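Structure record follows, encoded as structure tokens.
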Amino acid sequence: MNKFIKFILKLTGIAALVYGALFAVFYYDLDGKFMYYIWEPLMIKRFDSMKRQDTTAMPYSMKEKVQ
Amino acid sequence: MGIGLKDIKAKYKELFVVEKSPEEKNRPRDIKKSLHDFWYGKPHEERRLGDLYVGNTGLYKHREWRGVKDTMYYFNMIWLYNYAHMVSDIVKYGDGPMGIVDFAKGIMRYRWMGQTYLTVMHWFDRGLEGVRDDALRASAWHYRAMVSESIRQIIRMFQSDKKLNGGKTPDKWNYNIAHNETVSGSIFYPFRDILEDIPLEMIPYFVSVHVNNHTVLNYIDAAQSIGLPADPCPMCQAEYGLFVLDDYPDYSPVMVTSNEACDGSVATSVLQDWFLNRPLYAMPQPMRYDDPLVQKHCQKEIEGCWRFIEEHFGIKFDWDQYVKYAQSFNKLTEFEWEKWDVAAKTDSYPITSVAQALYRIYYSQDGDRPIWHEIDDRVKRIMNKTVKNKIRTFPKTRHRAIAWSCAPLYYSHWCTWAYNCWGINCIINMDSLMFDQYLRTDTYEHALEDLGLYNEKAPMRAMAVGGHEHILSLFDYMERFNCDMVIMYDQLQCKGMQGIHGVFEDEFRKRDIHAIWVPHALPDKRTVSRAEIRGIINDYMTTVMREEPLDPTLLDFDDSNSW
Amino acid sequence: MKDLVHIFELEDLLQEANNPLVRQAKAEGRRALGYTCYFMPEVLLDLPGCFSVRLRAPRSGSPDMATYYMSNRTCMYGRCLLERALEGGLNFLDAEMATETCAVTCRFQEHLQLLDIIKNPDFFCEFTDVPFKKNDNSIDHYENQLQVHVLDKLKEHFGIDISDEALLKTIGEHNELCRLIREIGSYRKLDEPTITGWEFAIINLCSLVCPKYLIMDKLRDIADELKTRKSDVKKNYRCKVVLAGSEEDDPDFIKLIEECGALVVADRYCYGSLPGRDEIVVKEGETPLRAIARHYLETSQCPRFMEQHIMRERKQFLADTAKEYKADGIIISQMKFCEYWSYERTIDTIIIPRDFGYPVCSIEKEYVNNAVGQLRTRFQAFVESIELKKIQKEGSV
């Protein structure tokens, strides 16, 4: 029983820590800062250097009439 | 050249430390007030929201402390809840955990996803700044619905996308109808049991640009890179810039387009058709839509679209499906009217203007979906409470404003800013008033008649075309919504609206109306920046209205690089 | 070439909207009916008792009053028309037969309704809804609109005879004019054309802005003279071009192109003769109004049409025109702020050279053409590039 309570307490403690950490992420806008300073620049680099098809080479052939 | 302690300290200060104002520094410590502020949040005039921003990024040194109750609500029921749902919705709509893989592939393939998806919570932040209590809750639910429905569409697009499947044709590709975002989802009700109708630009352009406007500039530049002049509507430019950059998902064998809302939309569909190079059905609506003579023509075009779908997919028009969705959608319309009524007649309307406008435009364009009902039920409960208890949801309201003409997309938190800084409470937007049409389902003829009218009253065109009386209905709506001020969105590249500029000036003078012209270029902040818009409002409020700001820290701040 | 008969007289008629022939027709008791767009069939406005005037604002300067009403970010054609109306220059109009076919001309016409600008007690402005497709549904709709918003209104306001007989007679007269204009224009197809683009633009424009019955004799004289007119011994142009694009009612712009060495041999723009001067064919069993509705929808090459095959046929039409008129290249000209043509010009500029092999010069211009120097440079460069290509081609052969 003692062990179970300890386990529960431990679990609660971990949950409280995670919750507290998440609150810190929320309150200090760490998610925004991560996205702005780390994630987005990486993505911009990726998309800027991505090879893209030349869409203007797309054919422009005649089409059938749609009634 | 290493990073020293001094640099770290400076960075820490820049990113996290909110400088106290001189008055705060000099004020003697008042524990009781501090505790009161901690528990209930600071009074509006003492919030100093502008001090929370990090440089020009729009990030927060720390998120706003709204008192224990509202901060914990925001943390638990908005921030945590929505982040969690941004994963669980992918699993739910993506037929299991493998949906996450499809989703991740899309994030890495498309700029409008990769740069945008994870910044969603900041979109919430911008739209909910300074908002408290019931208004915070009701508005946040609107955002939640839009995110959920976006995820549903995104996952469907990605799972059907040839580009994400190495050029192979996924089975779902054969069961999707792509259509312009300006074609209403209501058209496709008769086929919804078999086919998914997904607006082509709704997510890649419309939604993503609200969340993070950095991406759209690439598309506008791409549009101009192949020779388009800079003056056409930037929304149209961006919508076809997606194609120039090959940044659109290929998820459907056909395309349905329309002439809604303007010349630019028609012209855009010409270019899109070239890049899509697949069967297209053009379903134009008449311009002079008040004319009873035009209705038959409109109805026949809708029927033509249905025939096109039948032929291409080998399926049959299903009247029962139409009735089911139309009747269900009518419930949303009924609640919308209820919301308008509360907004017009009371001070207890619990939804921010931007939440109202975006939600309205999104769901009415998208058509009937379960999430809209779920959210309306939640919002209804909140609204019933505020009305019953006569709660003033925006207690610092000095002016009840109506916002007219096409709204600046990137500036999706301007309404909250205007309220926080000046007490300008934007009660209703022009685009919230479109699709004002009940869909009868008693007979096929009535249904078709109403569906035609519904689509004729689509966004922008409802007011901007078909006769000057539509755009000048501003003054009737102003009276109906009990407003004392007009925020006149001045879309610099909208020919239809620019073409009637002077008549509005005349009318404002004649009627002695306070109207603030807000110039903008929809998503292109390079043409008119957010700071310029705020500056114009500030100038009007100080020089004409001779008012003092509620929160002076919001008068002038740099958010030039924010999302 | 020696001066074409009547050409300076016709040029003078283009100096103002309310020109001497308009005044003469009004004095004879006919009603002047204004319109701006090809989608308002001029043939209906030329019924006995009235005459059509396609609106222009010649010799416009800075449209300041109109800019107050319509801002400086809209098409200058619409603004100049409004300015002219505000100045009183359109008071001769008895009605404006309006179409909501592009945003700015629509707004101009709405201002006529809103602001009580036209000082003529009989004046009214009536809008017709014009479809975006060429299918049967659209023709039905358009026919219905023309009946109610044009014919019925003319009868109601001015007692105009709108019977089928009257319509057939007017179609006959209209077709005669079209045949004459086409005959005159056909000399542009010659290896050595015997009429310039500038001359033709004046002739065709006059047929749009003057009462037709008052210029028919002049057109006949011109057609007769052209039968024997000889081209100059020494060629005074370096290449031949098609001019395509948005609203264009300024012969001096065509003169500018021709001064740069490019003879304009075909006019596929709003106010042009292709397809504006196609004859109306009344098929067997068809009412005249039906034939008119069908004709104007089927012949129009406006980028407003949205059907997939029509969008693509427009490119083919342009290439076919260039071939028929033996043009070396195509100038696509777009009125600044015209949304339809800004997109159409973009796609034409890529597709026409790529798929049809015709070089394209793509320009944006204002209604009041102040950027003459820049345009001259563009056209000269285009002419040189065509010549270079010719030399390269001959060299490779």
Footprinting exposure proxy for B:Arg509, B:Arg111, C:Arg220, B:Arg48 (fewest neighbouring C-beta atoms within 10 Å first) = B:Arg509, C:Arg220, B:Arg48, B:Arg111
Per residue of region C:262-279, in order, report the coupling 6.51 cos²θ - 1.76 cosθ + 1.60 (Karplus, θ = phi - 60°) as ³J(HN,Hα) in whole Hz, putting x for Gly and Pro.
-> 10, 7, 7, 9, 8, 10, 9, 9, 4, 6, x, 8, 10, x, x, 10, 6, 6
Using the 10 angstrom Cβ neighbour count as an exposure proxy, how do B:Thr393, B:Thr553, C:Thr74 rank, fewest first?
-> B:Thr553, B:Thr393, C:Thr74
Simple SL model, points at 7 angstrom along Cα→Cβ for B:Glu532 and B:Arg27; separation in nm is 3.7
By the Cα gyration tensor axes a ≥ b ≥ c (a/c under 1.5 gives rounded; else a/b larger than b/c gives prolate, otherwise oblate), the shape of region C:20-161 is oblate
Cβ-based exposure ranking for A:Asp48, A:Asp29, in which fewest neighbours within 10 Å come first | A:Asp48, A:Asp29
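So what is the relative contact order for chain B, in percent, with contacts set as C-alpha pairs under 8 Å and at least six apart?
RCO, chain B: 17 percent.
Region C:254-295: which GluC sites (Glu not before Pro) are DSSP loop and have at most 11 other beta-carbon atoms within 10 angstrom?
C:Glu284
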Looking at region C:58-91, which trypsin sites (Lys or Arg not before Pro) are in a loop (DSSP not H, G, I, E or B) and have at most 15 other Cβ atoms within 10 Å?
-> C:Arg59
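How much net charge surrounds C:Lys389 when only other residues with a Cβ under 13 Å from its Cβ are counted (Lys, Arg +1; Asp, Glu -1)?
Surrounding charge for C:Lys389 is -1.
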Across peptide A:36-42, what mean number of C-beta atoms from other chains lies inside 10 Å of a residue's C-beta?
-> 4
Hey, how many Å between the Cα centroid of region B:140-161 and the Cα centroid of region B:12-33?
-> 41
Burial-style ranking of B:166-174, B:492-500, average other-beta-carbon count within 10 Å with highest first, yields B:492-500, B:166-174
So if we plug the beta-carbon distance of C:Glu394 and C:Leu190 into 1/(1 + (r/R0)^6) with R0 = 30 Å, what FRET efficiency do we get, rounded to 0.05?
-> 0.85
Between the alpha carbon centres of region B:489-507 and region C:303-340 the gap in Å comes to 31
For region B:204-216, Karplus couplings with θ = phi - 60° (6.51, -1.76, 1.60), whole Hz, Gly/Pro x = x, 10, 4, 6, 5, 6, 6, 6, 8, 7, 5, 5, 5
Global form of the protein assembly as shown, assessed from the alpha-carbon gyration tensor, a/c cut-off 1.5 | prolate
Would you work out the relative contact order for chain C, in percent, from Cα pairs under 8 angstrom that are 6 or more residues apart?
-> 18
C:Ser273 long-range amide H proximity, modeled H, under 5 Å = C:Asp267
Tell me which residues come under 5 Å, amide H to amide H, from C:Ser362 once H is placed; ignore anything under 5 positions away on its chain.
-> C:Ile332
Taking H as built 1.01 Å from N, whose amide H comes closer than 5 Å to the amide H of B:Arg398, not counting residues under 5 places away?
-> B:Ile424, B:Asn425
For region B:68-106 and region B:387-452, distance of Cα centres in Å = 27
For every helix of n ≥ 4 consecutive DSSP H residues, a contribution of -39,500 (n - 2.57) applies; sum these over the protein assembly as shown, divide by its total residues, and give [θ] at 222 nm rounded to the nearest 500 deg cm²/dmol.
-> -15500 deg cm²/dmol
DSSP H helices in chain C with Cα extent of 27 Å or more along the helix axis and mean Kyte-Doolittle hydropathy at least -1.0?
-> C:164-186, C:372-396
Local net charge near B:Glu303, Cβ-Cβ under 13 Å (Lys/Arg +1, Asp/Glu -1) = -3
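Where a number appears in this text, it was derived from the coordinates with a stated rule and is not lab data. What you see is a predicted model, and the numbers here were worked out from it, not measured in a lab. As a convention, Cβ positions derive from the backbone with ideal geometry for all residues, glycine included, and neighbour counts pool all protein chains shown.
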